1. Where does segment 145-187 land on Rg/Rh, using Cα atoms and the Kirkwood Rh?
2. Report Rg(Cα)/(2.2 N^0.38 Å) for segment 1-87, keeping two decimals.
3. So which helices of the chain fit the span-like rule, where a helix is a whole DSSP H run, its Cα atoms reach 30 Å or more along the axis, and its mean Kyte-Doolittle is at least -1.0?
4. Excluding residues on the same chain fewer than 8 positions from Lys209, give the aspartates and glutamates whose Cα lies under 13 Å from its Cα.
5. Quick one: pull the percent of accessible area on segment 1-135 belonging to carbon and sulfur, 1.4 Å probe, ligands and nucleic acids left out.
6. Once you put a point 7 Å from the Cα of Gln84 and another 7 Å from the Cα of Ala5, both along the Cβ direction, what distance in nm separates them?
7. Provide the descending list of Cα extents for the chain along its principal axes, expressed in whole angstroms.
8. Going by average Cβ density within 10 Å per residue, which order do the peptides 94-107, 53-66 take, highest to lowest?
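The values are calculated or read from the model by the stated rules, or taken from the named source; none is laboratory data. Because the structure is a prediction, the values reported are computed rather than measured. Glycine also receives a Cβ, built like all others from the backbone with ideal geometry; neighbour counts cover every protein chain displayed. Just the protein is used for accessible areas: all its heavy atoms, side chains included, with ligands, DNA and RNA removed. Shrake-Rupley method; radii C 1.70, N 1.55, O 1.52, S 1.80 Å.
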Amino acid sequence: MRTLAEQRYSKLGPGVVKALNARSFEAFYFDECEDAAEKIISLIPKDHVVSWGGSKTLIDMGIQTRLEKDGYNLLDRDKASSPQERQEIMRRALLCDTFLSGTNAVSEDGQLVNIDGIGNRAAAMIYGPRQVIIAAGMNKVAKTIFDALSRARTIAAPLNMQRFPNLKAPCSETGTCMDCLSGDTICSFFVTTRFCKPAGRIKVVLIGKDLGL
């Protein structure tokens, strides 16, 4: 039986898809992760070089594992043998064929909001890869663009900070945004994507579950 949240998501999701499509994104909604994962894989040609930004949603859905199993040509920074090689892989990812990512928030009127620490994920969304595929649980959807920014900064960022115990920005300890100027901040770049150019380059797959952070 679906939870009350999932029942709400199934009603809200198609409307958010319509709003995204109106802004020239190519958007889809699925109730189940399995169906969403199949759609994501189907959108990636077998000859594409594929990379991704840090995304707990993609990990939770098993997308990277599936791509590796299916023999895709992957640029995986986590397999680098040195910090220098890791940086080079991240630079090459900006010109890959398909870039995968989550998003920090989506407004109900179809805009994406993301906060980035070093900018690689946001940069790839804006320009470079031939296509970008974004997977997002419906828990990422906020009412307005202002609510989406608030979610990204006060919920997603402090949660993501817990993934990096080696970083010591204030929210690591307080659990709330301190509007800091710490060298360890992961809130360096604030990017709103209000329209997709060229049309259809960014695909957004919404899933009617609580996924990611």
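1. 0.96
2. 1.35
3. Membrane-span-like by this criterion, though nothing is claimed about a membrane: none.
4. Leaving aside aspartates and glutamates fewer than 8 places away in the same chain, those within reach of Lys209 are Glu6, Asp31, Glu32, Glu34, Asp35, Asp60.
5. 51
6. With each label point 7 Å from Cα toward Cβ, the separation is 4.5 nm.
7. Taking the Cα atoms of the chain, the three principal extents are 43, 43, 35 Å.
8. Most protected by this proxy first, the peptides run 94-107, 53-66.
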